[in-house]
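The values are calculated or read from the model by the stated rules, or taken from the named source; none is laboratory data. Just so we're clear, the structure is a prediction, and the values are computed from it rather than from any experiment. Positions of Cβ are backbone-derived with ideal geometry, glycine not excepted, and every protein chain shown enters the neighbour counts.
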Amino acid sequence: MNNYGFFGGGFNIPPFAQNPFYQTAPNISYHDDAPIWFVALAPMFSLFLESIAGDKIAAVVLWVFTFVLCVLICKRDYNKYVKPIAFNNFNIEKTVYIPLLYLIKRKKVFPTNKLYVVVCIISLLVAATQNGFVQALLYNDTTYINTIKQSACYRIDDVANDKNVLDITIEDAIKDFSRTNEINWSCEKISSGEFEITADFDAYYNSRLCKLSLSFQLLYDGFSYGGLSVKTIEIDNRVLSEADKAALVMNIFTDYSADDSSNKSDSSYIEV
């Protein structure tokens, strides 16, 4: 391409001045997009791994590990495919520390495939809204109450190892025990990471109708649930002893008829 200066002298504009990405994709025979697709889908992989993480620390480690891995993949991709052909790279190298931004810059060098950028954006949006840390911020008393109601009876530490534990939800076990659907649930935060969920209902105790108050202790660290146990049981505002409480818990959440050798506490036997 010939151009003429102010005094009429001719000169040629160098190729890199005509095209900011001098020697781009058409001049390279091969570039591998597979690692880049991993980077695009990495937020979804992390979301899955988070769901099986044992606790908050493990989840944080998984997210950090995935981010570092994505940065290393972007760095390798830049050095192997982008750097040799992008003469004027507009600081692409600096964007490897922000994988999404690197993918956006990279598609200008290799414009044949832009779909991975869209996939990466969608993955980030899903991960940002569905991860356990964000979801925890949306939790309220109703969330914790529903957690107790919908948990299986074997989740209760008091009966977890009993072979006759009922294979139903805690709410259904209480309903079957009291034979009523009128159960009043409430939630109180005791301390950071500890909640007390109480179920108030009527049932027969020693052949007379009484008001029972069953309080569960739920541990939650802001990311995952810990222990679940029966903290106290009150009958007509009287707190049961530990022995009587244990016997009553067995009556409510296990099937004594399945094991004739099971012992019942006479003072705690519920007659429905």
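Figures for the structure shown
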read-out: Among residues of region 217-234, those that are part of a strand (DSSP E or B) and more than 13 Å from T198 (Cα to Cα), counted; value: 5
read-out: L115, sole failed condition from (1) more than 24 Å from the chain's Cα centre (by Cα); (2) of a type outside the set (D, E); (3) within 29 Å of A246 (Cβ to Cβ); value: (3)
read-out: Restricting region 60-83 to residues that are surrounded by 14 or more Cβ atoms within 10 Å (Cβ to Cβ) and touching a His at 6+ places or on another chain (Cβ under 9 Å), the residue that is nearest to G222 (Cα to Cα); value: D77
read-out: The one condition in (1) within 25 Å of the chain's Cα centre (by Cα); (2) modelled with pLDDT of 95 or more that W185 fails to fulfil; value: (1)
